[in-house]
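Visitor: Below is a structure I'd like to ask you about.
The values are calculated or read from the model by the stated rules, or taken from the named source; none is laboratory data. Here the structure is a predicted model, which is why all the values come from computation and not from measurement. Ideal geometry is used to build each Cβ from the backbone, glycine not excepted, and the neighbour counts take in all protein chains shown.
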Amino acid sequence: MRCGASRSSRCGRAFDVITAAVLLTLTAPLLLGLAVAGRLQLRRPALFRQVRVVGSGRLAEIAKLRTLGVPRGSERCWDPDTCWSAPTERCTPLGSFLRTTHLDELPQLVNVLRGEMSLVGPRPERPYFARRFGQEVPGYHDRNRMPAGLTGWAQVHGQNGDTSIHDRARLDNQYIENWSFWLDLMILARTVAATVASAAGSLIGASRQAAAGRPADRPPFKELILANSRLSFADSEPAFDNSSFSNSSHGGSR
């Protein structure tokens, strides 16, 4: 079967559903273990739910593995829907590991199965910030031409966390205007490789700290992993060669 040059094609949706189902099945034991560990460590529900913008005029409730402990004192007025950065002092060791590896995003595979998100696309944003960025950042609303994704072109180029929204919007729109099935496969492969490398670096670093009996700012192995990740994904201006993506759909929506 030949897939059409549109992310909204039946083949595109079938690929999302099949891949998400396989990933969810394979990672179910890991998800269960992380959820139980988080519940025991934080004494709070394992999942954190939040409404996000997942496309043009579309909202959906997405879930993440919880990474923050109970707010204390003045932190009780912290609103996750309108505050950009989470208070890192409330992040547990497990939470830091989940955030570093992005494994806290795995429950969003359920959103992919429901058809609310895709595997690859612009990351979903909170409505408050989506409105704000839409007014301040040129081309930001254009990224809503495609459904939000679990990972994206901006993310494999290092645009996570507190990074430039202008760069994210530019990279998201580059992805949309040059979309192809093979580009999605490349983004997924890079995402898996970066996640595995980050998890391995974190675990080896933690083992070395435990063996040494003292904390370390950053283990050499993890430093090497992060350096390689930056070289692979974020050290150069991303460029598209249309001849490499023969099935590109320019400006299309899904």
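Visitor: Would you point out which residue out of 92, 101 is touching a strand residue (DSSP E or B) at 6+ places or on another chain (Cβ under 9 Å), of a type in the set (S, T, N, Q) and over 21 Å from residue 53 (Cα atoms)?
Guide: 92
Visitor: Considering every residue within the range 105-126, establish whether at least one is hydroxyl-bearing (Ser, Thr, Tyr) and over 21 Å from residue 192 (Cβ atoms).
Guide: So far as the range 105-126 goes, no, none of its residues is hydroxyl-bearing (Ser, Thr, Tyr) and over 21 Å from residue 192 (Cβ atoms).
Visitor: Do any residues in the range 198-215 that are closer than 14 Å to residue 101 by Cα have Cβ atoms under 6 Å from those of residues that are at pLDDT below 80 and assigned to a loop (DSSP other than H, G, I, E, B), where the two are at least six apart or on different chains, and which pairs are they?
Guide: Short answer, once both residue conditions are applied: 205/219.
Visitor: Collect the residues in the range 120-142 that are among the aliphatic types (A, V, I, L, M) and surrounded by fewer than 24 Cβ atoms within 10 Å (Cβ to Cβ), keeping them in residue-number order.
Guide: Within the range 120-142, 130, 137 qualify.
Visitor: Just checking: which of the helices (runs of 4 or more DSSP H) contained wholly in the range 59-153 hold 3 or more residues that are at pLDDT 95 or above and under 20 Å from residue 38 (Cβ atoms)? Step through it out loud before you land on a result.
Guide: On the way: elements: 93-101, 109-114, 127-136.
Answer list for the range 59-153: 109-114.
Visitor: Only one residue in 114, 126, 131 is more than 17 Å from the chain's Cα centre (by Cα) and closer than 16 Å to residue 49 by Cα. Which one?
Guide: None of the others qualify; the one that does is 114.
Visitor: If you take the residues in the range 78-103 that are closer than 18 Å to residue 63 by Cβ and small (Gly, Ala, Ser), which one is surrounded by the fewest Cβ atoms within 10 Å (Cβ to Cβ)?
Guide: 86
Visitor: Out of curiosity, is residue 243 within 30 Å of residue 11 (Cβ to Cβ), loosely packed, with under 13 Cβ neighbours inside 10 Å and modelled with pLDDT under 90?
Guide: Working: within 30 Å of residue 11 (Cβ to Cβ): yes; loosely packed, with under 13 Cβ neighbours inside 10 Å: yes; modelled with pLDDT under 90: yes.
Answer is yes for this residue.
Visitor: Name the pairs: first residue in the range 169-190 and among the β-branched types (Val, Ile, Thr), second residue surrounded by fewer than 22 Cβ atoms within 10 Å (Cβ to Cβ) and assigned to a helix (DSSP H, G or I), Cβ to Cβ under 6 Å, at least 6 apart or on different chains?
Guide: Correct list of pairs: 176/145.
Visitor: How many residues does the range 157-173 hold that are within 29 Å of residue 21 (Cβ to Cβ) and modelled with pLDDT of 95 or more?
Guide: Residues flagged as within 29 Å of residue 21 (Cβ to Cβ) and modelled with pLDDT of 95 or more within the range 157-173 amount to 3.
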